[in-house]
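Written out below as structure tokens is the structure these notes cover.
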Amino acid sequence: MPRKPIIAGNWKLNKTVKEAVEFTEGLKKVICNINRAILPEVVIAPVFTSLYSVNEIIKGSNCIKLSAQNCYWESSGAFTGEVAVDMLKEVGCSYIIIGHSERRQYFCESDEMINKKAKAILASGVTPIICCGETLEQREAGQTDSHIKSQIEAALKDISEEDISKSVIAYEPIWAIGTGKTCDSVEANRVIKMIRETVKTIAGDNAANAIRILYGGSVKPSTIEEQMSQSDIDGALVGGASLTVESFAGIIDGCMKVKA
Ligand code: PEP
């Protein structure tokens with residue numbers, strides 16, 4: 001069965017509640033009358049404070065899904081400042097991004113923490129979007145594949161084949177995030193194929209064929225068609241270009257041109 005593409009927008013630390021609501025109403029007008037059979041899964045990841053209000057606009061429409069940008073693995077207790085998976089589910093999140101390079105870099109998230117988050121997310125029936133990617137130094141030192149392989153093996157440790165097949169991975173070379181430099185599509189596809197092989201070794205053929213693997217790193221309306229034309233790229237995780245309806249809708253449109 002072909003894998004349903006995903007176009008996910010990671011808003012990072014951007015947009016007030018008012019701005020998030022305006023964006024969501026605008027996006028809904030542009031995409032919600034498109035035939036669901038050709039529309040990719042469209043996911044937006046606002047900051048925590050906007051999740052409830054954004055969900056009020058999209059719930060029931062089945063054309064835009066909601067993601068959080070992070071979570072904690074415990075369900076309650078003395079963990080000041082953290083948010084539990086079930087709390088995010090309660091406000092409509094069906095996806096949670098974990099292991100983004102900014103969280104690894106600025107908030108010291110380790111592979112072990114990402115594995116705990118992935119397990120907690122899957123136990124609640126939510127889908128993790130697990131990010132991985134190499135630095136420029138690692139790429140130049142020829143360590144891209146070994147680094148990513150070890151990130152994936154650690155993130156998926158002790159997770160069942162069934163849960164792995166429902167998960168989403170985003171390959172995001174760190175040097176391409178927010179820099180305007182996209183990774184060459186053929187190279188991105190090669191790394192994504194390598195990730196799929198790694199998943200096959202861990203969880204078997206079915207999981208490797210089912211898991212959706214996205215590319216992220218300066219994706220724009222002008223790059224998406226070439227990226228989506230690659231055999232193993234199942235969609236995009238988009239930062240900067242997901243912040244206006246015009247550019248995000250342009251990416252969704254480009255995806256449909258190739259995959260519909
Ligand atoms: C991201 O934050 O996941 C990302 C890929 O950002 P950008 O599209 O701005 O490079």
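The values are calculated or read from the model by the stated rules, or taken from the named source; none is laboratory data. Everything numeric in this text was worked out from a predicted model, so none of it was measured. Every residue, glycine among them, receives a Cβ derived from its backbone with ideal geometry; neighbour counts consider all protein chains shown. Side chains are part of the model used for accessible areas, which takes the heavy atoms of the whole protein and leaves out ligands, DNA and RNA. Shrake-Rupley method; radii C 1.70, N 1.55, O 1.52, S 1.80 Å.
Worth pointing out:
- A Gaussian network model of the chain, with springs between Cα atoms under 10 Å, assigns the largest mean-square fluctuation among Ile159, Ile96, Ile64 to Ile159.
- Comparing Met87, Met113, Met228 in a Gaussian network model of the chain where C-alpha atoms under 10 Å apart are linked, the largest mean-square fluctuation is found at Met87.
- Simple Cβ-charge dipole of the chain, Lys/Arg +1 and Asp/Glu -1, about Cα centre, in debye nearest 20: 580
- Whole-number percent relative contact order across segment 157-260, with pairs defined as alpha carbons under 8 Å at least 6 apart: 30
- Assigned charges on the beta-carbon of Lys, Arg, Asp, Glu; segment 127-214 dipole about Cα centre (debye): 180
- The distance from the alpha carbon centre of segment 1-70 to that of segment 75-152 is 20 Å, rounded to a whole number.
- For the chain, built as a Gaussian network whose Cα springs stay under 10 Å, the top-fluctuating residue of Glu56, Glu140, Glu19: Glu140
- Beyond 31 Å in Cα-Cα separation lie the following of the pairs Lys29/Lys149; Lys12/Lys157; Lys117/Lys257: Lys29/Lys149; Lys117/Lys257.
- Adding -39500 (n - 2.57) for every DSSP H run of four residues or longer, then dividing by how many residues the chain holds, sets the calculated 222 nm ellipticity at -13500 deg cm²/dmol.
- Phi-derived couplings, Karplus 6.51 cos²θ - 1.76 cosθ + 1.60 at θ = phi - 60°, listed residue by residue for segment 255-260: 4, 5, 4, 8, 9, 6 Hz, with x used for Gly and Pro.
- Quotient of Cα Rg and 2.2 N^0.38 Å for segment 122-225, N being how many residues it contains: 1.07
- Residue by residue, segment 77-82 carries 3J(HN,Hα) couplings of x, 7, 9, 3, x, 9 Hz when phi is fed to the Karplus relation 6.51 cos²θ - 1.76 cosθ + 1.60 (θ = phi - 60°); x denotes Gly or Pro.
- Scanning residues 5 or more positions from Ile130 or on other chains, those with amide H under 5 Å from its amide H are Ile98, Val168, Ile169, Ala170, with H placed 1.01 Å from N in the peptide plane.
- Sum of side-chain charges, Ile195 neighbourhood, beta-carbon under 14 Å (Lys, Arg +1; Asp, Glu -1): -1
- Taking the chain as a whole, the Cys residues whose C-beta sits 4.7 Å or farther from every other Cys C-beta are Cys71, Cys93, Cys108, Cys131, Cys132, Cys183, Cys255.
- Distance between the 7 Å Cα→Cβ label points at Asn62 and Asp86: 2.8 nm.
- Over all distinct Cα-Cα pairs of segment 83-163, the Kirkwood formula returns a hydrodynamic radius of 13.5 Å.
- The three principal axes of the Cα atoms in the chain give end-to-end lengths of 47, 44, 35 Å, sorted in falling order.
- For Ser229 and Lys116, a Förster radius of 25 Å and the Cβ-Cβ distance give a FRET efficiency of 0.10, rounded to the nearest 0.05.
- For segment 1-112, the solvent-accessible area with a 1.4 angstrom probe is 51 square angstrom per residue.
- Apportionment of accessible area to carbon and sulfur, segment 155-198, percent (1.4 Å): 49
- Theoretical gain in end-to-end length, Leu136 to Thr201 [0.36 nm per residue, Cα-Cα removed]: 20.7 nm
- Computed with the Debye formula from one identical point scatterer per Cα of segment 11-67, without solvent, the log10 of I(q)/I(0) at q = 0.15, 0.16, 0.17 Å⁻¹ comes to -0.39, -0.44, -0.49.
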